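Asks: Okay, here's the structure, questions in a sec.
The values are calculated or read from the model by the stated rules, or taken from the named source; none is laboratory data. In this text the structure is predicted, and so the values were computed from the model without any measurement. For neighbour counting, all protein chains shown are included, and Cβ atoms are generated from backbone atoms with ideal geometry for every residue, glycine included. We work out accessible area using only protein heavy atoms, side chains counted, and drop any ligands, DNA or RNA first. Shrake-Rupley method; radii C 1.70, N 1.55, O 1.52, S 1.80 Å.
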Amino acid sequence: MANVTVIGAQWGDEGKGKVVDWLASRADVVVRFQGGHNAGHTLVVGNQTYKLSLLPSGLVRGKLGIIGNGVVVDPDALLAEIARVRAQGLTVTPETLRLAENAILILPLHAAIDRAREAARGEKKIGTTGRGIGPAYEDKVARRAIRVCDLAEPETLSEKLDELLLHHNTLLAGLGAATFDKQVLLDQLLAWAPQILPYAEPVWERLDEARRTGKRILFEGAQAVMLDVDHGTYPYVTSSNTVAATAASGSGFAPSALGFVLGIAKAYCTRVGSGPFPSELHDATGRLLGERGFEFGTVTGRPRRCGWFDAALVRQAIKVGGIQGIVMTKIDVLDGLPELKICTGYTIDGVYTPRLPAAMRAQAAAVPVYETMPGWTGTTRGARSYAELPADAVKYVRRIEELIEAPVTILTTGPERDDTIMMRDPFEG
Ligand code: IMP
């Protein structure tokens, strides 16, 4: 049976929630493989609205949820989220949720460092979610992080805390922030242990079993390719790899079995936080997109920056991210605009380039080259087939397909679950 991997193809917030929920309803297992509680999406099922951040979406549909080793887990955030969705009537038990024993823990000191560093950056801040994501990944590659499995070994915790605090308290003191006490942290970890450990296991084994028995597995990415720590607009990125390949390394799964890779892109473009955004609009059209699209961050509530669809950027995300088909979301937000622009490349110091370069100053200096298309009269809202779309809306989608060199396999046309035009079922490969 084919699997599906879903990743964002822009800067996040592409409307993954609705698509992932629909796919999750058809999957047996849903796996998170990177990021942490910096991600956030809203799922509306019946009369309940679930705000998920760390939990795999499949839980809402009664499917097995797996949090892979590539995720950074704040135990407080995880336990609070479990309590919240349980209060809404969902069943979350060690039978329905499994957590990689080798996943990294986010501790309170990580959020403190994240915020202190952002404050010290001033104007140059990255605009992080302030949840300790970056510092936790730093500890992972520095080989000093505390992992889920360490909760079972109080002596390991104590030894690791010595090393962690030597590093972090020095840094916090240097930044003028409050330092952390070892005993307080140790007590906190020991209190989390009996609550977290029942969920822990080598998830790679369960995933291998699921693969061998033909279960449908959905890998649920967070953030998006342009926030990837290698391929994104570095340093204005998150601290994990967000490309499809990470689904394998972030869960302990065969890359050859990840299945169809679906990228999600809005019919326009948004970004939260700082960093380059060549097709950003600072005018009334930008504000209109923000208002119509309800463009406010799910996690932080910050207004999102809005702009035209950047085909050069999405083409790049498709190539580096391994995306085979695009889900284009929110096309109805463009209804009634007299004309639309699509960014097809950039000029930097007067020289044309078809891709966003890697260097920071070059990225900041990129001026979009636009192609202009007519807007459409009539509405795309709620359309459930291409035949129901205004002809100029179809032209817009077709032109984008040419420019990004990939098919738009699904088009979403409104907030309802069925406001969707599916050209190809991703589970059929
Ligand atoms: P961090 O992941 O909290 O370190 O934030 C780094 C950058 O990624 C900031 O620009 C955040 O706004 C952005 N970011 C992190 N998570 C998300 C997300 O789920 N959607 C959109 N942007 C995100």
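Asks: Using the Kyte-Doolittle scale, which helices in the chain average at least -1.0 and also have C-alpha atoms spread 27 Å or more along the helix axis, with helices defined as whole DSSP H runs?
Replies: Working: long enough: 154-174 (29 Å, -0.17).
TM-like helix candidates: 154-174.
Asks: Right, here's the next one. Where does each of 125-136, 46-57 land if you order them by average Cβ count within 10 Å, highest first? It would help to have the intermediate numbers written out before the result.
Replies: Numbers: 125-136: 22.0, 46-57: 18.1.
The peptides rank, most packed first, as 125-136, 46-57.
Asks: Considering only protein heavy atoms and a 1.4 Å probe, what is the carbon-and-sulfur percentage of the accessible area of the chain? Please list the in-between numbers first.
Replies: Working: 9090 of 17120 Å².
Carbon and sulfur together cover 53 percent of it.
Asks: As a check on your grasp of the helix formula, calculate [θ] at 222 nm for the chain: sum -39500 (n - 2.57) over DSSP H runs of n ≥ 4, divide by the residue count, round to the nearest 500. Mind showing how you got there, number by number?
Replies: Details: 12 runs with 135 residues, N = 429.
When only DSSP H runs of four or more count, the value is -9500 deg cm²/dmol.
Asks: A further question follows. LYS51: which aspartates and glutamates have alpha carbons under 18 Å from its alpha carbon, excluding same-chain residues fewer than 8 sequence positions away?
Replies: Leaving aside aspartates and glutamates fewer than 8 places away in the same chain, those within reach of LYS51 are ASP13, GLU14, ASP21, ASP74, ASP76, GLU81, GLU220, GLU295, GLU416.
Asks: Given contacts defined as C-alpha pairs under 8 Å and at least six residues apart, what's the relative contact order of the chain, whole-number percent? Could the numbers behind the result be given before it?
Replies: On the way: 952 pairs, mean separation 82.3, N = 429.
For the chain, the relative contact order is 19 percent.
Asks: I've got another one for you. If we sort 88-95, 6-13, 73-80 on the protection proxy, mean other Cβ atoms within 10 Å, highest first, what's the order?
Replies: Working: 88-95: 12.2, 6-13: 27.8, 73-80: 19.1.
Taking the mean over residues of other Cβ atoms within 10 Å, the ranking is 6-13, 73-80, 88-95.
Asks: If you don't mind, there's one more thing I want to ask. Just to be sure I follow the rule: in the range 104-196, considering lysines 8 or more places apart or on different chains, how many pairs have Cα atoms under 23 Å apart? Present the calculation step by step, with values, prior to reporting the outcome.
Replies: Values: LYS125/LYS140; LYS140/LYS160; LYS140/LYS182; LYS160/LYS182.
Number of lysine pairs found: 4.
Asks: Just name one of GLN48, GLY382, VAL351: the one whose Cα is farthest towards the positive end of the charge dipole of the chain (beta-carbon charges, Lys/Arg +1, Asp/Glu -1).
Replies: Checked the options; the winner is GLY382.
Asks: Pairs of alpha-carbon atoms within less than 8 angstrom and 6+ residues apart define the contacts here; what relative contact order does the range 186-285 have, in percent?
Replies: Details: 70 pairs, mean separation 19.1, N = 100.
Relative CO of the range 186-285 lands at 19 percent.
Asks: Check THR420: other-chain or 5+ apart residues with amide H under 5 Å from its amide H, H built from backbone geometry?
Replies: THR413
Asks: Peptides 33-42, 406-415: what's the order by average Cβ count within 10 Å, highest mean first?
Replies: On the way: 33-42: 24.7, 406-415: 20.7.
Answer by packing, highest mean first, reads 33-42, 406-415.
Asks: Excluding same-chain residues fewer than 8 positions from LYS319, which lysines have a Cα within less than 26 Å of its Cα?
Replies: LYS16, LYS18, LYS266, LYS330, LYS341, LYS395
Asks: Specify the inter-centroid distance of the range 53-68 and the range 319-343, based on alpha-carbon positions, in whole Å.
Replies: With the range 53-68 and the range 319-343 each reduced to a Cα centre, they are spaced 28 Å.
Asks: Right, something else. Taking the Cα centre of the range 80-188 as the origin and placing charges on Cβ (Lys, Arg +1; Asp, Glu -1), which of LEU109, ALA120, ALA173 is farthest toward the positive end of the dipole?
Replies: Projecting each Cα onto the dipole axis, the largest value belongs to ALA120.
Asks: Follow-up question, since we're still on this one. How large is ³J(HN,Hα), in whole Hz, for each residue of the range 329-340 in order, when computed from phi with the Karplus curve 6.51 cos²θ - 1.76 cosθ + 1.60 and θ = phi - 60°, using x for Gly and Pro?
Replies: 10, 6, 4, 5, 5, 8, 3, x, 6, x, 8, 10
Asks: Specify the inter-centroid distance of the range 105-128 and the range 171-208, based on alpha-carbon positions, in whole Å.
Replies: First find each Cα centre; the distance between them is then 18 Å.
Asks: Can you tell me the dipole magnitude for the range 320-407 around its Cα centre, using point charges on the Cβ only (Lys, Arg +1; Asp, Glu -1), in Debye to the nearest 20? Mind dumping the intermediate values first?
Replies: Details: 9 positive and 10 negative charges, 35 e Å.
Charge dipole of the range 320-407: 160 debye, to the nearest 20.
Asks: Once the chain is represented by equal point scatterers at the alpha-carbon sites, with solvent omitted, what log10 I(q)/I(0) does the Debye formula produce at q = 0.08, 0.11 Å⁻¹?
Replies: The Cα Debye sum returns log10 ratios of -0.44, -0.83.
Asks: Under 5 Å between amide hydrogens, which residues at least 5 positions from LEU281 or on another chain qualify, with H placed 1.01 Å from N in the peptide plane?
Replies: Those qualifying (amide H under 5 Å, at least 5 residues apart or on another chain) are CYS306, GLY307, TRP308.
Asks: When only C-alpha pairs under 8 Å and at least 6 residues apart count, what is the relative contact order of the range 100-245, in percent?
Replies: On the way: 166 pairs, mean separation 34.9, N = 146.
Once normalised by length, the contact order is 24 percent.
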